[in-house]
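Peer 1: Below is a structure I'd like to ask you about.
The values are calculated or read from the model by the stated rules, or taken from the named source; none is laboratory data. For clarity, every value in this text was computed on a predicted model and none was experimentally measured. Note that we place each Cβ from the backbone using ideal geometry, even for glycine, and neighbour counts take in every protein chain shown.
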Protein chains: 2
Amino acid sequence: MLINRFAHNLKYYRKKHDYTQQQIADLLNISRSVVAKWENGHVLPDLNNTLKLSQLFQITLDEFVGKTNVTQNLLSDYQAHYSSEPFAEQIDFDEESFNYLIDFIIKHPSLKQQLSTYMALSIKQQKSAEKIFASVLEEMRKQ
Amino acid sequence: MLINRFAHNLKYYRKKHDYTQQQIADLLNISRSVVAKWENGHVLPDLNNTLKLSQLFQITLDEFVGKTNVTQNLLSDYQAHYSSEPFAEQIDFDEESFNYLIDFIIKHPSLKQQLSTYMALSIKQQKSAEKIFASVLEEMRKQ
DNA sequence: CCTCTAATGTTCTTTTTAAGAACATCATAC
DNA sequence: GTATGATGTTCTTAAAAAGAACATTAGAGG
């Protein structure tokens, strides 16, 4: 979902450059609450402001909206490693979403931490946890 | 002016691909006259439609809006994006565990599916889900 | 622990801008 | 010249975002 990807990326790059929302708002001559709504996925900005933000952060628009496969070089390493079946086909088939997944995790340290915790659990615990996650996610997906 | 550059580029690429305005409109599920207004610099499209157009024409968003200095090497982009703290150190120091994480996800399709579901939630829902996951994982880690 | 302040998130109203329908014009083939 | 497909414009409506005000959170310092 574009609005989510944009929200994540805006927040990520803003913090990376150590700006407050107010500072961004001042630079764009808009209200600070608008920046908050962009970052929380409530609204999308117009093209003008999107372009200005990309220039401010010195990233491409494609990166900003999560279009470019910025992790492609990393992924090609894994493709080489997993060139035998059946995983090669899996990667090829889901390449787009898989890239996004990697990028997402890189930008969400807390998620990465949770995944690390999850991986450190026993298999049995992992299965239990997975059932819980599945239920939670399914209920939320329905809303 | 962005609106002019966009207009010019849209018309150029549409004709290059031999589409009519009606065909573009059909692909985007919008009125044909809207495409005309985009092409004549009366209005700018939203980000969703801009992205769809760039994908349809297989051009970058940056080219579409006429943004300059877009030709960076993909690898250097990747390194630049992740080279500053705290993520550079994280990648450097945790590269092994990051590799393991990727490896783990590839080998657990159900986990990957759940992550995809998670990423498709709204930002608000993601935050709620994350709190639940954190609690569950913390309790399990203690056992 | 509490307090304070800066920073951020949300809601409701207003504003702005774009979408759409209808009409007008242009381009091209015959 | 006509006909038709394609495109351009105008006016109204709709949709989405902006903004102001309020609410909540995060973190520093005592």
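Peer 1: Could you tell me whether any residue of the range B:117-124 is facing chain A (nearest Cβ under 8 Å), modelled with pLDDT under 80, within 20 Å of A:K16 (Cβ to Cβ) and within 16 Å of DNA strand C (Cβ to nearest atom)?
Peer 2: yes
Peer 1: For the range A:1-40, how many residues meet the condition of being near DNA strand D (Cβ under 10 Å from one of its atoms) and part of a loop (DSSP other than H, G, I, E, B)?
Peer 2: 3
Peer 1: Given the condition closer than 18 Å to B:L44 by Cα, without any contact (Cβ under 8 Å) to a residue 40 or more places away in the chain and near DNA strand C (Cβ under 8 Å from one of its atoms), answer yes or no: does some residue in the range A:36-47 qualify?
Peer 2: Taking every residue of the range A:36-47 in turn, at least one turns out to be closer than 18 Å to B:L44 by Cα, without any contact (Cβ under 8 Å) to a residue 40 or more places away in the chain and near DNA strand C (Cβ under 8 Å from one of its atoms).
Peer 1: Here are some residues: A:L10, A:L44, A:L28, A:L2. Which one is farther than 22 Å from A:Y100 by Cβ, aliphatic (A, V, I, L, M) and surrounded by 16 or more Cβ atoms within 10 Å (Cβ to Cβ)?
Peer 2: That would be A:L28, the only listed residue that is farther than 22 Å from A:Y100 by Cβ, aliphatic (A, V, I, L, M) and surrounded by 16 or more Cβ atoms within 10 Å (Cβ to Cβ).
Peer 1: Further question: Quick check on the range A:79-90. Is at least one of its residues at pLDDT 90 or above, in a loop (DSSP other than H, G, I, E, B) and either surrounded by fewer than 18 Cβ atoms within 10 Å (Cβ to Cβ) or of a type in the set (V, I, T) (or both)?
Peer 2: Taking every residue of the range A:79-90 in turn, none turns out to be at pLDDT 90 or above, in a loop (DSSP other than H, G, I, E, B) and either surrounded by fewer than 18 Cβ atoms within 10 Å (Cβ to Cβ) or of a type in the set (V, I, T) (or both).
Peer 1: With the requirement that a residue be more than 7 Å from DNA strand D (Cβ to nearest atom) and outside any helix (DSSP H, G or I), what does the range B:41-55 give you?
Peer 2: Within the range B:41-55, B:G41, B:V43, B:L44, B:P45 qualify.
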